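A short worksheet on the structure shown next.
No value in this document is a laboratory result; all are computed from the given coordinates. Keep in mind it's a predicted model, so treat the numbers as computed, not measured. All Cβ positions, glycine included, derive from the backbone under ideal geometry; neighbour counts span all protein chains shown.
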Amino acid sequence: MKDISPRKHPLTSLRTGSDTENSTQQKIRRKTRAGKLDASGLRFGIIVSRFNEFITDRLLRSAYDGLARSGARDEDIEIVRVPGSFEIPSAARTLAETKKYDAIICLGCLLRGDTAHYDVIVNEVTRGIGQSAQETGVPHAFGVLTCDTLEQAIDRAGLKMGNKGFEAALAAIEMANLKKVISTQQPAVRKGVARRASSVVRKIKNETAVGR
């Protein structure tokens with residue numbers, strides 16, 4: 001028996017799939033919120049460790065350059081030096097709690113030694129920075145190098161692997177702007193929720209009145 005069921009041409013199926021994919025991408029773009037890489041009008045605090053200063057100074061220079069290139073003014077950048085990476089979380093929290101800064105950039109360098117001291121410090125620094133960001137609500141950028149060797153640290157401070165100080169600065173700028181975007185949307189969301197709640201209450205009251 002001859003098959004007379006309609007069949008789509010292969011090219012038609014491809015076009016349909018492509019159209020659907022494009023439509024999905026457009027919806028995703030409309031729904032996506034991201035921070036701009038524009039530091040104009042924002043204030044930044046940079047915490048930098050003096051330990052392994054040969055490396056951390058490179059991170060600091062690149063982070064400062066990243067902020068300046070993105071529009072930050074000199075007077076809007078505060079630099080605080082601490083003895084080592086272990087002291088970074090405490091200093092970062094102190095700056096964040098002043099509410100004067102839109103983002104905090106944490107810069108340091110930890111090199112693995114022959115003891116477990118490295119692992120303890122890495123865990124504490126990472127936990128402390130993350131906790132400070134979560135509890136203060138101020139974005140913190142993590143620019144603390146955790147390397148096995150000095151060569152690896154040098155590579156991440158301006159050679160083969162780029163400069164993590166510069167990357168941390170850009171992350172801080174983006175997150176500071178993203179916070180502003182989300183903060184401006186929250187009042188509108190709350191109003192929308194309140195309107196829907198009021199509508200539901202009115203509906204229930206009307207139904208109750210009719211039932212009587």
How many lysine pairs in the stretch 44-181, separated by 8 or more positions in sequence or lying on different chains, have Cα atoms less than 15 Å apart? 4
How many angstrom lie between the C-alpha centres of the stretch 98-148 and the stretch 65-95? 13 Å
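Sort HIS117, HIS140 so that the residue with the fewest other Cβ atoms within 10 Å of its own Cβ comes first and the one with the most comes last.
If I rank by nearby Cβ atoms, fewest first, I get HIS117, HIS140.
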Take the alpha-carbon positions of the stretch 44-181, form their convex hull, and give its projected area averaged over all directions (one quarter of the hull surface) in nm². 7.7 nm²
What is the stretch 44-181's relative contact order, in percent, from Cα pairs under 8 angstrom and six or more apart in sequence? 32 percent
Under 17 Å between alpha carbons, and skipping anything fewer than 8 positions from LYS31 in its own chain: which aspartates and glutamates qualify? GLU21
